[in-house]
């Protein structure tokens, strides 16, 4: 066994006592082989210094308190940020530029599905995620490897009724997402519970062809642009449904409190800068997502800033996520508390 690498791993873990992190972070931070890192972690687990959990093909490590090696700080300078395909994050140019000024390069990866984005964060494939708040709450009890550190935007969704609907027997929505939460709220408020069937999709499966939709469909910007001039009735304003946060910023537990605070501060400042000049980075965002600038210009009016995490929205989502198993309080642990 490589004693030098073992010592380095212990020093790294000493800075994360009491936290749960993806195992994949360690070999990435130390630029060591996965197999050698895995062998050493197995030994540390036998020594009672850490605990490991397998979730699918991923492993989550809990670092017990009391590791006594000298603490060292391995600071990542290239951060991987996952976002959902959406027009929601038009402030992103401000964020990546300011992070670069602080010495961090932010690589943005676009996902098709909010749940997949959150899972990538939980399993260490990315370091930061802008994904649906409800997805982050849903995944947290299983992984507990990240924290929700800031809000983002609100709005940007539509509830549409097909001209081909047959007494509204079907509702199309993305799974465990803001759209799913809106779907649940709409069904409850409209008295449709028990009389409709939900069909979940991933972009661009069903929604790429509006002619295939029979019933209701709940979509976000820019996807609902596909339904313009297709005869769909917009029911959004009639429902009175509003959400404090759509997607929120979550960060991996690999960050220490100082770095977490820096990311949060720059992120919130980026939203404030966006409020003053929302059109500045549309071309940048278009290059990242492939969404035309003309469509993004429309999104400026569709989404409204909601930079802080809205506790009322969390309560509403938590009430729909479970019926007491696990205990509701675990979801509130996902919230990052400023030090």
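Looking only at residues of the range 28-37 that are out of contact with any helix residue (DSSP H, G or I) (no Cβ under 8 Å at 6 or more places or on another chain) and assigned to a helix (DSSP H, G or I), we find that the one that is surrounded by the fewest Cβ atoms within 10 Å (Cβ to Cβ) is 35. When we screen 138, 104, 94, 143 for residues that are free of Cβ contacts under 8 Å to residues at least 40 places away in the same chain and surrounded by 18 or more Cβ atoms within 10 Å (Cβ to Cβ), the only hit is 104. Scoring residue 190 on the criteria (1) in the same structural domain as residue 150 (by TED's automatic domain parsing); (2) more than 25 Å from residue 112 (Cβ to Cβ); (3) surrounded by fewer than 20 Cβ atoms within 10 Å (Cβ to Cβ) leaves a single failure, condition (1). A single entry from 291, 275 fulfils the requirement of being at pLDDT 90 or above, assigned to a loop (DSSP other than H, G, I, E, B) and in the same structural domain as residue 98 (by TED's automatic domain parsing): 291.
Checking each residue in the range 7-27 for being in a helix (DSSP H, G or I) and either in contact with a strand residue (DSSP E or B) (Cβ under 9 Å, 6 or more places away or on another chain) or in the same structural domain as residue 258 (by TED's automatic domain parsing) (or both) picks out 13, 14, 24, 25, 26.
Results for (1) over 18 Å from the mean Cα position of the chain (by Cα); (2) farther than 15 Å from residue 157 by Cβ, shown as yes or no for each residue.
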position: 174; (1), (2): no, no
position: 178; (1), (2): no, no
position: 199; (1), (2): yes, yes
position: 226; (1), (2): yes, no
position: 241; (1), (2): yes, no
position: 249; (1), (2): no, yes
position: 255; (1), (2): no, yes
position: 268; (1), (2): no, yes
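Residue 202 meets the stated requirement of being in contact with a helix residue (DSSP H, G or I) (Cβ under 9 Å, 6 or more places away or on another chain) and not assigned by TED's automatic domain parsing to the domain that holds residue 110. Contact annotation: residue pairs with Cβ atoms under 9 Å, 6 or more positions apart or on different chains, pairing a residue in the range 3-15 that is free of Cβ contacts under 8 Å to residues at least 60 places away in the same chain with a partner that is surrounded by fewer than 19 Cβ atoms within 10 Å (Cβ to Cβ) and part of a helix (DSSP H, G or I), are 5/30; 5/36; 6/43; 9/30.
Looking at the range 314-329, can you tell me whether even one residue there is surrounded by fewer than 19 Cβ atoms within 10 Å (Cβ to Cβ), more than 26 Å from residue 126 (Cα to Cα) and at pLDDT 95 or above? The answer is no; no qualifying residue exists.
Out of the strands (runs of 3 or more DSSP E) lying entirely within the range 44-145, which hold 1 or more residues that are outside the structural domain of residue 257 (by TED's automatic domain parsing) and more than 19 Å from the chain's Cα centre (by Cα)?
Those strands (runs of 3 or more DSSP E) span 50-55, 58-63.
Restricting 218, 176 to residues that are in contact with a helix residue (DSSP H, G or I) (Cβ under 8 Å, 6 or more places away or on another chain) and in a strand (DSSP E or B) narrows the list to 218.
Within the range 242-253, the set of residues being at pLDDT below 95 and either surrounded by fewer than 16 Cβ atoms within 10 Å (Cβ to Cβ) or under 18 Å from residue 338 (Cα atoms) (or both) comprises just one member, 242.
Residues checked against (1) in the same structural domain as residue 150 (by TED's automatic domain parsing); (2) in contact (Cβ under 8 Å) with a residue 12 or more places away in the chain; (3) touching a strand residue (DSSP E or B) at 6+ places or on another chain (Cβ under 9 Å); (4) on the phi < 0 side of the Ramachandran plot:
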site: 197; (1), (2), (3), (4): no, yes, yes, yes
site: 207; (1), (2), (3), (4): no, yes, yes, yes
site: 212; (1), (2), (3), (4): no, no, no, yes
site: 215; (1), (2), (3), (4): no, yes, yes, no
site: 218; (1), (2), (3), (4): no, yes, yes, yes
site: 224; (1), (2), (3), (4): no, yes, yes, yes
site: 234; (1), (2), (3), (4): no, yes, yes, yes
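Of all residues in the range 269-295, those satisfying the criterion of being surrounded by fewer than 19 Cβ atoms within 10 Å (Cβ to Cβ) and touching a strand residue (DSSP E or B) at 6+ places or on another chain (Cβ under 7 Å) are 275, 288.
The values are calculated or read from the model by the stated rules, or taken from the named source; none is laboratory data. What you see is a predicted model, and the numbers here were worked out from it, not measured in a lab. Cβ sites come from the backbone with ideal geometry, for glycine too, and all protein chains shown count toward neighbours.
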